[in-house]
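The values are calculated or read from the model by the stated rules, or taken from the named source; none is laboratory data. Bear in mind that the values here come from a model prediction, so they are computed numbers and not experimental data. For neighbour counting, all protein chains shown are included, and Cβ atoms are generated from backbone atoms with ideal geometry for every residue, glycine included.
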Amino acid sequence: MKILSTLIACVIGVAMALSAQARSFEDIKKDGKVIMATEGQYPPYNYFQGSKLAGFEVELAEAIAKKWGVTLEWKALSFDALLAGLRNDRWDLVIAGHAITDDRAKAVSFTEPHFCGGGIIVSKNAPIKEGKDLAGKTVSVQTGTTFLDEVKKVPGVKDVKNFPQDTDARGAMISGRTDAWITDPAVAVPRWWPTRVRA
């Protein structure tokens, strides 16, 4: 597998989102519990180690709950359902690597970004070095991501296959069902990521 090129030139912010209708901070403190949603399928940010959630965003959320003096209850579900559930007040916060877009910002409120990233092209065999090299190629990407929207704008892409989980999009590229996979650089090369968050 070769990491080849950054597809999206812009820097994107990733943040926790807070619904305008969600419980207030005072209500969360009074209850003594914050309900946080994440995907649990996006290492190194959020993933399961056995039955326990782990990763940078999980540690960050745990540090926030500790600072607030409340317990943390996790909800793990598909990426494309996270913000919809937040809008419907099913949980208080989402922490799961969402790019801050105008459309998303109309539906939920974002904190300041806790990291900035972009998309990267990963290919097993094909000589793909930049976005223009995707012409005539089939690309895999995760449903609900801005990567999906961006790759659809690249001229000449033969087909875009979207998958509910990023690991499925990666598997399609590894098995040869797609020529390339678009993901976050730290997901493609986890060694880039620091091992622990300090509170």
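Taking the stated definitions as given, is Ile128 part of a loop (DSSP other than H, G, I, E, B), over 15 Å from Ile35 (Cβ atoms) and of a type in the set (Val, Ile, Thr)? It is true that Ile128 is part of a loop (DSSP other than H, G, I, E, B), over 15 Å from Ile35 (Cβ atoms) and of a type in the set (Val, Ile, Thr). Taken over region 23-44, the criterion of being at pLDDT below 85 and surrounded by 21 or more Cβ atoms within 10 Å (Cβ to Cβ) is satisfied by Tyr42 alone.
Screening Lys75 on (1) basic (Lys, Arg); (2) closer than 30 Å to Leu134 by Cβ; (3) modelled with pLDDT of 85 or more shows it passes everything except condition (2).
Just the residues that are surrounded by fewer than 20 Cβ atoms within 10 Å (Cβ to Cβ) and either under 18 Å from the mean Cα position of the chain (by Cα) or aliphatic (A, V, I, L, M) (or both), please, taken from region 63-82. Scanning region 63-82 gives Ala63, Ile64, Ala65, Val70, Leu72, Trp74, Lys75, Ala76, Leu77, Ser78, Asp80, Ala81. Taking region 88-98 as the range and being of a type outside the set (A, V, I, L, M) and surrounded by 15 or more Cβ atoms within 10 Å (Cβ to Cβ) as the test, the residues that pass are Arg90, Trp91, Asp92, Gly97, His98.
Scan (1) at pLDDT 90 or above; (2) crowded, with 16+ Cβ neighbours inside 10 Å; (3) more than 12 Å from the chain's Cα centre (by Cα) for the single condition Val141 breaks and write down its number. Only one criterion in (1) at pLDDT 90 or above; (2) crowded, with 16+ Cβ neighbours inside 10 Å; (3) more than 12 Å from the chain's Cα centre (by Cα) is unmet by Val141, namely (3).
Of the strands (runs of 3 or more DSSP E) contained entirely in region 28-104, those carrying at least 3 residues that are in contact (Cβ under 8 Å) with a residue 24 or more places away in the chain fall at 33-38, 71-76, 93-99.
Scan region 167-183 for residues that are in contact with a helix residue (DSSP H, G or I) (Cβ under 8 Å, 6 or more places away or on another chain) and either of a type in the set (Ser, Thr, Tyr) or modelled with pLDDT under 90 (or both) and the total you get is 2. Of everything in region 145-163, what is surrounded by 16 or more Cβ atoms within 10 Å (Cβ to Cβ) and part of a loop (DSSP other than H, G, I, E, B)? Give them in sequence order. Within region 145-163, Thr145, Val154 qualify. Pick from region 99-128 the residues that are over 22 Å from Ala81 (Cα atoms) and modelled with pLDDT of 80 or more: which of them is surrounded by the fewest Cβ atoms within 10 Å (Cβ to Cβ)? Going through the qualifying residues, I end up with Lys124.
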